[in-house]
Amino acid sequence: MMGVDDVVLHLLKSGQWTASRSSGPGGQHRDKASTRAELTIDRDSLAALEPALADRLAAALDLDQRPLRISVQDERSLSRNQEIAVERLAELVAEALAPPPPARRPTRPSRARREARLASKARRGADKRLRRPPNDEP
């Protein structure tokens, strides 16, 4: 089975990079330079992967409904934004390929815990009975 790094490298080779002008402050540099990095990965990008792995990734990343688009404009340079996009892709792939958590084992409260709960309810009820006005009692 392929590791997370191998899958990320494959997706980077088959994904599509685009650059555009980013928003926010930055003056003339922002107006002239295309520093927003956007990585688009669709279902076809998974073609060379093992079928089971590709299906698992497609389900986790929701690639059957729409392509995955990672858009980054955090930094002023395109290369740094691309590095951040790669890091985010690696996190998403690692999360998608992680084994599922173990199934929950149903447990029951112990006898002592049940008795403590009932005693607490009885105490609470007694406190509330003491708050009643005297003429209310039968």
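A short reminder: the numbers here are calculations on the coordinates, not readings from a lab. Predicted, not measured: the structure shown is a model, and the values here were computed from it. So basically every Cβ, Gly included, is an ideal-geometry build from the backbone, and we count neighbours across all protein chains shown.
Whether any residue in the range 76-97 is within 30 Å of residue 32 (Cα to Cα) and outside any helix (DSSP H, G or I) is what I want to check. Yes; the residues of the range 76-97 include at least one that is within 30 Å of residue 32 (Cα to Cα) and outside any helix (DSSP H, G or I). Consider the range 1-57 and keep the residues that are without any contact (Cβ under 8 Å) to a residue 12 or more places away in the chain and aliphatic (A, V, I, L, M). The one that is surrounded by the most Cβ atoms within 10 Å (Cβ to Cβ) is 54.
Any residue in the range 97-105 that is surrounded by 13 or more Cβ atoms within 10 Å (Cβ to Cβ) and not basic (Lys, Arg)? Among the residues of the range 97-105, at least one is surrounded by 13 or more Cβ atoms within 10 Å (Cβ to Cβ) and not basic (Lys, Arg), which makes the answer yes.
Here's a check for you: in the range 1-21, which residue that is in a helix (DSSP H, G or I) and of a type in the set (A, V, I, L, M) is nearest to residue 87 (Cα to Cα)? Within the range 1-21, the match that is nearest to residue 87 (Cα to Cα) is 8.
Among the residues making up the range 34-67, those that are outside any loop (DSSP other than H, G, I, E, B) and under 17 Å from the mean Cα position of the chain (by Cα) are 56, 57, 58, 59, 60, 61. Within the range 106-138, the set of residues being among the hydroxyl-bearing types (Ser, Thr, Tyr) and surrounded by 10 or more Cβ atoms within 10 Å (Cβ to Cβ) comprises just one member, 120.
Take residue 68 and tell me if it is surrounded by 12 or more Cβ atoms within 10 Å (Cβ to Cβ) and over 16 Å from residue 17 (Cα atoms). No; evaluated as a whole, the condition is false for this residue.
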